[in-house]
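> This is the structure I have questions about; it appears just below.
The values are calculated or read from the model by the stated rules, or taken from the named source; none is laboratory data. What you see is a predicted model; the values in this text were computed from it and never measured. Counting neighbours? That spans all protein chains shown, and the Cβs are built from the backbone with ideal geometry, glycine included.
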Amino acid sequence: MQTLSSVGDVFALFAAGGSESYFGEPVTQLEHALQAAWFVEQHGGENTLIAAALLHDVGHLLHQEGEDIADRGVDTRHEEMGAEALAGHLPAAVLDPIHLHVAAKRYLCFADRNYFDRLSPASKQSLALQGGPMTATEAEAFLALPHAREAVTLRHADDAAKVAELAVPPLESYRPLVESIWR
Ligand code: FE
């Protein structure tokens with residue numbers, strides 16, 4: 001398990017693996033992260049949620065599995081890997097939404113009939129591996145968790161962050177924000 005001890009370590013991950021394509025979507029890992037952060041920022045999200053959006057898929061950059069990972073029937077549990085690697089350095093308002101962003105997808109598939117239909121094919125495929133839509137009982141338990149609502153907001157940004165060649169602010173523009181909450 002790789003640990004990340006500085007903002008420099010985290011940003012270096014994007015430099016090393018951020019140009020890989022994002023699981024059957026028309027964006028790279030880095031573009032996906034930057035678009036997610038930008039969408040949260042545009043919707044007036046707090047700095048902690050902007051940071052969560054930027055870093056929500058850091059687990060994918062850590063596991064180094066190929067793009068066909070879901071085709072091989074493997075759930076990497078990247079949401080846990082990412083939150084664990086950042087634990088101790090970022091507040092719960094960042095870590096919880098990262099940890100819960102896959103659960104938020106399962107929740108939305110339960111709560112919103114149209115949500116599943118709008119998911120991309122790759123996201124539908126990974127949903128099956130991630131446990132499928134929540135049951136009513138699971139949804140109730142999910143909503144009771146700290147930062148569950150923030151995780152849902154992050155999830156919407158995540159789902160939208162798959163736009164080919166969208167112009168958004170660069171990674172470096174987020175360094176001061178992440179430094180300001182890193183400890
Ligand atoms: Fe994502």
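> Of the numbered conditions (1) in a helix (DSSP H, G or I); (2) touching an Asp or Glu at 6+ places or on another chain (Cβ under 9 Å), VAL94 fails exactly one; give the number of that condition.
(2)
> Further, regarding this structure: Can you confirm whether LEU55 is away from the ligand (no atom under 11 Å from the Cβ) and either touching an Asp or Glu at 6+ places or on another chain (Cβ under 7 Å) or at pLDDT 90 or above (or both)?
For LEU55, the condition - away from the ligand (no atom under 11 Å from the Cβ) and either touching an Asp or Glu at 6+ places or on another chain (Cβ under 7 Å) or at pLDDT 90 or above (or both) - is not met.
> For the range 25-58, enumerate the residues that are under 20 Å from MET81 (Cβ atoms) and assigned to a loop (DSSP other than H, G, I, E, B).
If the condition is that a residue be under 20 Å from MET81 (Cβ atoms) and assigned to a loop (DSSP other than H, G, I, E, B), then GLU25, HIS56, ASP57 are the ones that fit.
> Further, regarding this structure: Take the residues in the range 10-24 that are assigned to a helix (DSSP H, G or I) and at pLDDT below 90, then tell me which one is surrounded by the most Cβ atoms within 10 Å (Cβ to Cβ).
Taking the candidates together, the pick is GLY17.
> Going by the structure shown, is VAL7 surrounded by fewer than 22 Cβ atoms within 10 Å (Cβ to Cβ), in contact (Cβ under 8 Å) with a residue 60 or more places away in the chain and within 11 Å of the ligand (Cβ to nearest atom)?
no
> Also, I was wondering about something else. Looking at ASP68, ASP57 in this structure, which one is within 27 Å of GLU165 (Cβ to Cβ) and surrounded by 20 or more Cβ atoms within 10 Å (Cβ to Cβ)?
Going through ASP68, ASP57 in turn, just one is within 27 Å of GLU165 (Cβ to Cβ) and surrounded by 20 or more Cβ atoms within 10 Å (Cβ to Cβ): ASP57.
> May I pose another question? Could you run through the range 133-168 and say how many residues are assigned to a helix (DSSP H, G or I), touching a residue at least 60 places away in the same chain (Cβ under 8 Å) and more than 12 Å from the ligand (Cβ to nearest atom)?
Total meeting the criteria: 2.
> If we scan the range 105-114, do we find a residue that is surrounded by 15 or more Cβ atoms within 10 Å (Cβ to Cβ), at pLDDT below 95 and under 16 Å from the mean Cα position of the chain (by Cα)?
No; the residues of the range 105-114 include none that is surrounded by 15 or more Cβ atoms within 10 Å (Cβ to Cβ), at pLDDT below 95 and under 16 Å from the mean Cα position of the chain (by Cα).
> Right, something else. Output the residues belonging to the range 58-90 that are polar (S, T, N, Q) and more than 14 Å from the ligand (Cβ to nearest atom).
Scanning the range 58-90 gives a single hit, GLN64.
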